[in-house]
Amino acid sequence: MKSNKQYDKTRLDIYVGKLDQEKQIVMQNFQNEAPLAQNTKPKVPIRNTRSEDGHCWFSSAAENRINCRRLFVNDVPYINQVARYKVSASQKTCSLELLSKDCSRLKEFHGYTSWPVTIEEKDFPVAFSIKTHKSVRQAEQLLRTIWRPQNVYCIHVDKKAKPGIFETIKNIGSCFDNVYVLDERLDVMYTSIDMMQTDLMCMKKLLEVNSEWKYYINLSGQEYVLKTNLEIVKILKTLKGANDIESYTFPLKDYIRFQFVHQRSPERGFLLRTNTAKSPIPDRFSAKTNTIRKGSMYGCFTRGFVDFTLNSKIAKELISWAADVYAPEELVWPSLSSLPESPGNFLQRSYRFIEQRRNNFISKAVTWTWTKNHRCVGRYVRSVCIYSIHELSWLLIQPNIAANKFDEEFDQVVIDCLEESLYNRTFSQNLDNFNWYYYHHVPHVYGRH
């Protein structure tokens, strides 16, 4: 009788062989589409999905014979045709639990070994963190897109994630010497210090394991990058040592967030305000000095700023004080980065301007219900747009490094087509149409030497 390991390998060999057959069929379907440009061919990394009879597909777009090129150019009739099919993540997915047991197969079939790396990228390693709680497939698709051998990665899997997700992510991480999956897991409560604590845990880990990386970029498992690794490196280099942290004056109407103690409400799933007055914010931070700031929990942080956040007395004091504040991550990062001694701190005149709504926050593209420059065509969840294929051509021209958010169960094709675009751009390395003017003239870079 075969052992479980032998049985798994036999199953893997069977569906891999069928993958080659199905890939040929899919590529023939693509070749039958009228090309948009001479000799243009789609290049999609293999995605681990299969039909019930064992046939594997490398993406939902390929499985449903969707031509991403027509979506890229905003072919509205074709977009509407695809949208009517309501294509979500394949329900016939080959289990990542199976594939993650054979590291060489995982790397080969999901394209980890295919990425070209330039000397510029090798000389500018980047640290990434991914916080995930929902879909292992979507988190792995993000990881395989951003993975490069010179970078380092930290993954935190929420303690409330469904059974099996942590084990699968852990297996995937064990296939790489630069991917670290945290064993310490938090049951993250929305609006609590937990959301920032996972970043602090990853920051600490990545500082310990690698002394070369230049910037730390935090991502969630429901985000997807809009730029290739080479493009990200070039963007970070234009920052000239500045942090890219959303930062604006903390609105007076929101001071109530830190004027009263907040307590966890497991029933509600977020923090609730009590009637107990909170101690004042540490002395270094005040409205008079413009150092009580608000912004996003996500950003691009210099290595120096990460070290400052973890080890400086003032940062430790602020983080400790903020433990019972509502949404402390929206206060701590921008407030710390406003201090003169903070590495990568903002120039004084830029303090009022780094906001998503002003389109000068590079790290993230987010469409809120109140966003004026883009109307969500997908759907809103907690006031944030879940992007769909209707937004694909818009996403491709955004200057941001990543976009939030996506949901494979709502629209997997938009993620697959972004992956195809990034794959093609990685190999072409054509930056002729890159918007250099934008990056050099955001307020926290302009005038910096």
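Return the only residue of Asp187, Asp199, Asp283, Asp254 being within 23 Å of Ser129 (Cα to Cα), of a type in the set (D, E, K, R) and either at pLDDT below 95 or more than 17 Å from the chain's Cα centre (by Cα) (or both). Residue meeting the stated conditions: Asp187. Screening Leu331 against (1) farther than 30 Å from Ser265 by Cα; (2) modelled with pLDDT of 95 or more leaves a single unmet condition, (1). Surrounded by 15 or more Cβ atoms within 10 Å (Cβ to Cβ), touching a residue at least 40 places away in the same chain (Cβ under 8 Å) and more than 24 Å from Ser192 (Cβ to Cβ) - does that describe any residue in the stretch 318-333? No, the stretch 318-333 has no match at all.
Against the numbered list (1) over 24 Å from Arg357 (Cα atoms); (2) modelled with pLDDT under 95; (3) crowded, with 19+ Cβ neighbours inside 10 Å, Thr291 comes up short only at (1).
With the condition kept exactly as written, say whether any residue in the stretch 205-217 is closer than 30 Å to Glu267 by Cβ and surrounded by fewer than 21 Cβ atoms within 10 Å (Cβ to Cβ). Taking every residue of the stretch 205-217 in turn, none turns out to be closer than 30 Å to Glu267 by Cβ and surrounded by fewer than 21 Cβ atoms within 10 Å (Cβ to Cβ).
Only one entry in Asn373, Asn359, Asn345 is at pLDDT below 95, of a type outside the set (Ser, Thr, Tyr) and on the phi > 0 side of the Ramachandran plot, namely Asn359.
Scanning the stretch 186-196 for residues that are in a helix (DSSP H, G or I) and either in contact with a strand residue (DSSP E or B) (Cβ under 8 Å, 6 or more places away or on another chain) or within 12 Å of Asp158 (Cβ to Cβ) (or both) yields Asp194, Met195.
Residues in the stretch 120-135 that are over 15 Å from Thr426 (Cβ atoms) and more than 20 Å from the chain's Cα centre (by Cα): Asp123 only. Any idea which residue in the stretch 70-92 is modelled with the highest pLDDT, counting only those that are surrounded by 18 or more Cβ atoms within 10 Å (Cβ to Cβ) and in contact with a strand residue (DSSP E or B) (Cβ under 9 Å, 6 or more places away or on another chain)? Per the criteria, the residue is Ala89.
The values are calculated or read from the model by the stated rules, or taken from the named source; none is laboratory data. In this text the structure is predicted, and so the values were computed from the model without any measurement. Because the Cβ atoms are built from the backbone with ideal geometry, glycine has one as well, and the counts that use them run over all protein chains shown.
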